[in-house]
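J.: I'd like to ask you about the structure that follows.
Rule-based calculations on the coordinates, nothing more; no lab input. Source: prediction; values computed, not measured. So basically every Cβ, Gly included, is an ideal-geometry build from the backbone, and we count neighbours across all protein chains shown.
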């Protein structure tokens, strides 16, 4: 018989960190609200949600790494919004941030979730921060909870 492992969206025993970019604040604040609402809805206590604000998306992996090194967070959610401009700057930022977040997660074994919008337009970002495409901050929190639950079951 096949054995399956699945996670659930349940509150972990310890705190969850959220690293969020102030750049594109009108978008990232909505992502943050979605994450917090989802975590609270799953039973995470308000005092167990710790938010660190960074200037922009580029700074997210470093602060996420510092949070992981404190060995007190169950997971770190990374929220930001990089919107394409007139140059290729967004490609460089997106690649560096995604690789950085991946490296922190893999090297630490702590779930570090990618909740960075990588949009072509402001309108796309608006739709992904609570618009008709949903709230990617909320989805990031859901993924964190499910991943934590799954990792716990794999240890059994």
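J.: Compute the length gained on full extension between residue 153 and residue 50: take 0.36 nm times their separation in residues and subtract their Cα-Cα distance, giving the result in nm to one decimal.
T.: 34.6 nm
J.: Hey, another quick one. In the stretch 131-156, whose amide N lies under 11 Å from the spot 7 Å out along Cα-to-Cβ of residue 37? List them in ranges.
T.: The answer is 131, 134-139.
J.: Quick one: angle between helix 60-69 and the longest Cα principal axis of the chain, in degrees between 0 and 90, rounded to 10, please.
T.: Approximately 20 degrees, to the nearest ten.
J.: Give me the Kirkwood hydrodynamic radius of the stretch 92-138 in Å, from all C-alpha pairs, to one decimal place?
T.: 11.8 Å
J.: Can you tell me the orientation of helix 136-154 relative to the chain, as the angle in degrees between its alpha-carbon axis and the longest Cα principal axis, to the nearest 10?
T.: Between the helix axis and the principal axis of the chain, the angle is about 30 degrees.
J.: Quick check: pseudo-label points 7 Å beyond the Cα along Cα→Cβ at residue 8 and residue 102, how many nm apart are they?
T.: According to this spin-label approximation, the distance is 3.2 nm.
J.: Pairing the Cα long axis of helix 25-41 with the longest principal axis of the chain, what angle in degrees results, from 0 to 90 and rounded to the nearest 10?
T.: Tilt relative to the chain: about 10 degrees.
J.: I want to verify the translational diffusion coefficient of the stretch 1-142 in µm²/s; compute it with Stokes-Einstein, Rh as the Kirkwood radius over Cα pairs, at 10 °C and 1.306 mPa s.
T.: Translational diffusion coefficient: 104 µm²/s.
J.: Now for a different question. Just subtract the alpha-carbon distance of residue 72 and residue 132 from 0.36 nm times their residue separation and send over the number in nm, one decimal.
T.: That pair, residue 72 and residue 132, stretches by 18.1 nm at full extension.
J.: Further, regarding this structure: If you build a Gaussian network model of the chain, linking Cα atoms that sit under 10 Å apart, which residue out of 11, 52, 105 swings the most?
T.: In the Gaussian network model the winner is 52.
J.: Considering Cα pairs under 8 angstrom that are at least six residues apart, work out the relative contact order of the chain and quote it in whole percent. Kindly include the intermediate steps, with their values, before the conclusion.
T.: Values: 304 pairs, mean separation 54.1, N = 156.
Over the chain, the number comes to 35 percent.
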